[in-house]
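Below: the structure, in structure tokens.
Every number here is computed from the coordinates shown, using simple stated rules; none is lab data. All of these numbers come straight from a predicted model, not from anything done at the bench. Cβ atoms come from the backbone with ideal geometry, glycine included; neighbour counts cover every protein chain shown.
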Amino acid sequence: MAILRGGRRIGNFDIRLGLPRDKSLADVAGDPRLKRRPGGSGQIQRFQSQINQGEGFATPNRYLIVIHPPQKLQLSTGGPPSQLGRNDDVNELKSSQIRENVGLMCNAVTLPTRDINTADHRMYGPGRKMPYAYSFNGTIECSFYGDKFLRQRLFFENWQKGIMNINSHNMRYYDDYVGSIDIFTLGQFDAGREDEARVTYGVRLYECYPQTIGSIEYAYGNNDQVTVVPITLNFRTWKNLTIDQVNGATVGQAIGDVPTIKASKDFGLFGGILNKLPAEFKRAGRDILSTAKRNLPIGRVTGGRLFPPFG
């Protein structure tokens, strides 16, 4: 509220002036309060500021997996979903479309673990657990929704056929049947905030292959349930795509985006003159210019978007 405020109507213009109690909004972009980091002296305020820096909590239902099968299993193209018994079934199971389908149909997956192996060591006094190697559990459990033709299960069955020959029972070369799998964590907000498909965390599993294709239980009472295909994948090692710099990948960021202050509307030549006036006269002058732009003949046609020759 202003200390002194008055106004007068001159023609079609309503001119109002006032002396404000607070001038903190005169220069919003230069306000030092915007440069302060979030948080306060209390424990709850510091906790909230840390959450805000991380843009909220990660949710376990926001993820995506991308499967990179071995080169000998991949084909560059593939047709639409086919029916069982056609000659192009095998080509379809190797296509990029079915690979994308399997990744999207994954309804559950587990991030891999990493263990530091230790051995007891004692020279004098209490002993120590000394690391001597690191290892992984070597498997991850995942499951996939199955469509009418269970193409998701057929995909992994076809992958397993690259591991062994079901007729001669001979095993094939290791490098010919291992691939890799990427597991991504996605943003937790909706598409309106442009965060729905943003990758915020990602790992890559190396030398993967389907070790176990789980069983599917059929029952007459399961008429309202979707068939789920359980798969156990074996892998040798994994890396974080960001901190381990896999192909220069960068996901997420350390802190949240810093909001930007939009510049004030430009009024051309008059705007340069108004910017040199005190804040009280600057606001009054902008009101006059805005009214003039709307009331001039060309302003009525353009809705005030054009004010020649001043922009």
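Some points to look at:
- Cβ-based charge dipole, the range 172-248, positive-most Cα from 247, 231, 186: 247
- For the range 93-170, trypsin sites (Lys or Arg not before Pro) meeting the loop criterion (DSSP other than H, G, I, E, B) and having at most 13 other Cβ atoms within 10 Å: 114, 122, 148.
- Gain on full stretching of the segment that runs from residue 157 to residue 58 - 0.36 nm per residue minus C-alpha separation: 32.3 nm
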